[in-house]
Every structure is written in C-alpha cells, then in structure tokens.
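Chemist: One structure follows; several queries about it will come next.
The values are calculated or read from the model by the stated rules, or taken from the named source; none is laboratory data. Computed from a prediction, not measured in an experiment: that's the story for all the values here. In this analysis, Cβ positions are derived from the backbone assuming ideal geometry, glycine residues included, and neighbour counts consider all displayed protein chains.
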Amino acid sequence: MFMNSNKAFAKVTADNIRRGCDKDWGCGGFGDSRGSRVHQGLDIKTVPGQKITSPISGTVTRFPYPYGDDLRWTGIEIKNSQYHVKIFYMSASVAANTAVKQGQVIGIAQNIASKYSSTMTNHVHVEVRNAKTGALINPETLF
C-alpha cells in the first residue's frame with residue numbers, strides 16, 4: 001500500500017498494491033524499463049472483475065484504448081483542473097461527459113493476464129499528467 005500525507009488521490013482498488021516484477025513482462029513501477037522506453041504509469045494489482053474507483057474528482061472525458069489493434073482492452077480518462085488521469089485494463093461503468101467523485105466506483109478490472117499469458121500479474125495501469133503542463137507525474141507520489 002502507498003502511504004503519503006499528501007493524499008491527493010484516493011486508492012483505485014481496496015488495497016492499492018503496486019504490481020511487482022513479472023519474469024517475462026517487466027515491472028509495474030513508474031519509470032521502469034520497457035526495453036527501448038520507460039513505463040509511463042503505475043500498475044496496481046487487481047483481480048478480474050474487481051471494482052475500480054476514481055482517484056480524483058473530475059469529468060470523464062473519454063474511453064481510450066491502450067492497443068489500437070485490439071479493442072478488447074479499454075480504459076477511462078478523467079480530468080480536473082490539476083490532473084489528467086488515464087486508467088487502462090478496466091471496463092467503465094460510468095458515462096462520458098459525467099462528473100465522478102474521488103473514491104466513486106467507475107468500473108471493473110479486466111483480465112489483462114489473458115492477453116499476455118498467465119505469467120503476468122493482473123493489474124490496472126494508472127497514468128497521470130499535470131493538467132497545465134502535460135508533464136507525466138509518478139502516481140505513487142499522489143496516493
């Protein structure tokens with residue numbers, strides 16, 4: 001679990017545990033190596049069907065796809081005046097252009113391990129940007 005006195009973000013799962021390292025698939029931390037690039041988010045362990053909650057209060061702006069060639073995997077984008085948050089590998093239960101509150105259930109986790117093999121830990125990917133500058137922010141510093 002992440003501990004921070006800032007508490008800018010609510011947990012996205014009940015326990016909010018970071019995905020560690022998988023033998024074949026790398027690690028789930030912000031900035032971890034992904035071959036020729038770095039991981040731009042933070043992976044939080046899930047169980048398929050687990051409730052996912054919004055880390056911020058804001059507006060649901062769209063439902064992005066992490067893989068343009070495989071539309072089975074979905075996500076959500078929530079924005080407010082401070083943060084733009086994307087969460088991938090979840091099925092949303094809220095509509096676009098609606099307001100959500102921090103801690104509100106916004107969907108359920110998908111079974112991402114079925115795409116990569118059972119050797120990958122199921123998780124949601126949380127990506128955060130500064131709303132004014134667009135700069136990536138390590139989500140772990142906000143929980």
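Chemist: (1) at pLDDT 95 or above; (2) not in a strand (DSSP E or B): which one isn't true of ARG129, the others all being true?
Modeler: (2)
Chemist: Answer yes or no: is there a residue in region 87-109 that is more than 20 Å from ALA8 (Cα to Cα) and in contact with a helix residue (DSSP H, G or I) (Cβ under 8 Å, 6 or more places away or on another chain).
Modeler: No, region 87-109 contains no residue that is more than 20 Å from ALA8 (Cα to Cα) and in contact with a helix residue (DSSP H, G or I) (Cβ under 8 Å, 6 or more places away or on another chain).
Chemist: Same structure, new question: Looking at region 87-107, which of its residues are in contact (Cβ under 8 Å) with a residue 60 or more places away in the chain and buried (at least 16 other Cβ atoms within 10 Å of the Cβ)?
Modeler: Filtering region 87-107 for residues in contact (Cβ under 8 Å) with a residue 60 or more places away in the chain gives 87, 102-103.
Scanning region 87-107 gives ILE87, GLN102.
Chemist: Kindly establish whether ASP15 is within 21 Å of LEU142 (Cα to Cα) and acidic (Asp, Glu). Spell out how you get there, then give the answer.
Modeler: Values: within 21 Å of LEU142 (Cα to Cα): yes; acidic (Asp, Glu): yes.
Yes.
Chemist: Then there is this: Report yes if SER36 is out of contact with any strand residue (DSSP E or B) (no Cβ under 9 Å at 6 or more places or on another chain) and farther than 16 Å from ARG18 by Cβ, otherwise no.
Modeler: When the stated conditions are applied, SER36 passes them.
Chemist: Take VAL47 and decide whether it is without any contact (Cβ under 8 Å) to a residue 24 or more places away in the chain, surrounded by fewer than 13 Cβ atoms within 10 Å (Cβ to Cβ) and aliphatic (A, V, I, L, M). Steps first, please.
Modeler: On the way: without any contact (Cβ under 8 Å) to a residue 24 or more places away in the chain: no; surrounded by fewer than 13 Cβ atoms within 10 Å (Cβ to Cβ): yes; aliphatic (A, V, I, L, M): yes.
Answer is no for this residue.
Chemist: Any idea which of ILE52, ILE78 is of a type in the set (Val, Ile, Thr), touching a Gly at 6+ places or on another chain (Cβ under 6 Å), in a strand (DSSP E or B) and over 22 Å from ASP22 (Cβ atoms)?
Modeler: Values: ILE52 fails: over 22 Å from ASP22 (Cβ atoms).
Checking each option against the conditions leaves just ILE78.
Chemist: SER81 passes all but one of (1) exposed (fewer than 14 other Cβ atoms within 10 Å of the Cβ); (2) closer than 26 Å to LYS115 by Cα; (3) modelled with pLDDT of 95 or more; which number fails?
Modeler: Answer for SER81: the failing condition is (2).
Chemist: May I pose another question? Only one residue in ASN4, ASN97 is modelled with pLDDT under 95 and over 12 Å from the mean Cα position of the chain (by Cα). Which one? Spell out the reasoning first.
Modeler: Details: ASN97 fails: modelled with pLDDT under 95.
None of the other options fit; the residue is ASN4.
Let's see how each residue does on (1) of a type in the set (A, V, I, L, M, F, W, C); (2) part of a loop (DSSP other than H, G, I, E, B); (3) buried (at least 20 other Cβ atoms within 10 Å of the Cβ):
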position: VAL85; (1), (2), (3): yes, no, yes
position: SER118; (1), (2), (3): no, yes, no
position: GLY134; (1), (2), (3): no, yes, no
position: PHE143; (1), (2), (3): yes, yes, yes
